[in-house]
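Reviewing the structure listed below.
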Amino acid sequence: IPFHNNMVNHHFGITLDSKSEHMIRKLLFTFFSILTLSFATQAQDSTFTLKMKLTGHTKNVSVVSFSPNGKYLATGSYDNLINIYAVDSLKRITLVHSIKENLAGVNTLFWSKDGNLLASGSKDFSVKVYDVRQNFLVVFQVNDHKDAVTKVMMDGKSKFLYTSSADGTLRIYDLVEP
């Protein structure tokens, strides 16, 4: 993937450290991998057994993400909701919280490495970060994109938030020193 630190320096006036540059490369790789996978077909049929059906959304569920510690499952949907389910030691899953902050469908979710933050990107062009410890309170929000947000990611220390959008931009936000 053609990406160079001097491109970021030229466009944003900043120089990235090697970890941030690696994270951007990973984000771009993930984005292009998703595009590639969308054209793949399954080689053979498989049979699976349904173990559980979760309810709580009224429209298509677009994203599903487990917290790193496995205690929570977050789902985003075109009904504009983010649902948070608790997963107990017996693998039972229970709806514990619904976030109704978005004006359009939720496209992407990403948990911080420590599981304390959940980032979302929406078709309403917004990016939000919720704090699990504060009952999923919005602790960071921007509406800088000009089209739907397609991907959000955080670095391992939850210092930087990386976003991509259908407007063709990749943005980097400092969550520690805004």
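The values are calculated or read from the model by the stated rules, or taken from the named source; none is laboratory data. From a predicted model like this one, the values you see are computed outputs, not experimental measurements. Cβ coordinates were reconstructed from backbone atoms using ideal geometry, including for glycine residues, and neighbour counts include every protein chain displayed. Quick note on the areas: whole protein, heavy atoms, side chains included, nothing else; ligands and nucleic acids left out. Shrake-Rupley method; radii C 1.70, N 1.55, O 1.52, S 1.80 Å.
Inspect segment 94-104 for any residue being at positive phi and either outside any strand (DSSP E or B) or buried (at least 21 other Cβ atoms within 10 Å of the Cβ) (or both) and give the result as yes or no. I'd like the intermediate steps shown before the answer.
Residues of segment 94-104 at positive phi: none.
The answer is no, given that none of the residues of segment 94-104 is at positive phi and either outside any strand (DSSP E or B) or buried (at least 21 other Cβ atoms within 10 Å of the Cβ) (or both).
Could you tell me which residue of segment 128-170 is most open to solvent (accessible area, probe 1.4 Å), considering only residues that are in a strand (DSSP E or B) and hydroxyl-bearing (S, T, Y)? Can you show your working first?
Taking segment 128-170 as the starting set, the residues that turn out to be in a strand (DSSP E or B) are 128-131, 137-142, 149-154, 160-165, 170.
Within this subset, residues satisfying the condition of being hydroxyl-bearing (S, T, Y) are 130, 150, 162-165.
Details: Y130: 0, T150: 52, Y162: 1, T163: 0, S164: 15, S165: 13 Å².
Residue satisfying both the conditions and the ranking: T150.
Could you list, in sequence order, all residues of segment 168-178 that are without any contact (Cβ under 8 Å) to a residue 24 or more places away in the chain and within 18 Å of F125 (Cα to Cα)? Outline the logic, then answer.
Start the filter on segment 168-178 by keeping residues that are without any contact (Cβ under 8 Å) to a residue 24 or more places away in the chain, which leaves 168, 174, 176-177.
Answer for segment 168-178, where residues must be without any contact (Cβ under 8 Å) to a residue 24 or more places away in the chain and within 18 Å of F125 (Cα to Cα): just G168.
Among the listed residues N69, N83, N9, which satisfies the condition of being touching a Gly at 6+ places or on another chain (Cβ under 6 Å), open to solvent by 30 Å² or more (accessible area, probe 1.4 Å) and either modelled with pLDDT of 60 or more or part of a helix (DSSP H, G or I) (or both)? First the steps, then the outcome.
Working: N83 fails: open to solvent by 30 Å² or more (accessible area, probe 1.4 Å); N9 fails: touching a Gly at 6+ places or on another chain (Cβ under 6 Å).
One residue alone meets the criteria, N69.
In the set L54, L90, L50, L37, which member is surrounded by 11 or more Cβ atoms within 10 Å (Cβ to Cβ) and either out of contact with any helix residue (DSSP H, G or I) (no Cβ under 6 Å at 6 or more places or on another chain) or modelled with pLDDT under 65 (or both)? Let's see the steps before the verdict.
Numbers: L90 fails: surrounded by 11 or more Cβ atoms within 10 Å (Cβ to Cβ); L50 fails: surrounded by 11 or more Cβ atoms within 10 Å (Cβ to Cβ); L37 fails: surrounded by 11 or more Cβ atoms within 10 Å (Cβ to Cβ).
Step by step, each of L54, L90, L50, L37 is checked, and only L54 is surrounded by 11 or more Cβ atoms within 10 Å (Cβ to Cβ) and either out of contact with any helix residue (DSSP H, G or I) (no Cβ under 6 Å at 6 or more places or on another chain) or modelled with pLDDT under 65 (or both).
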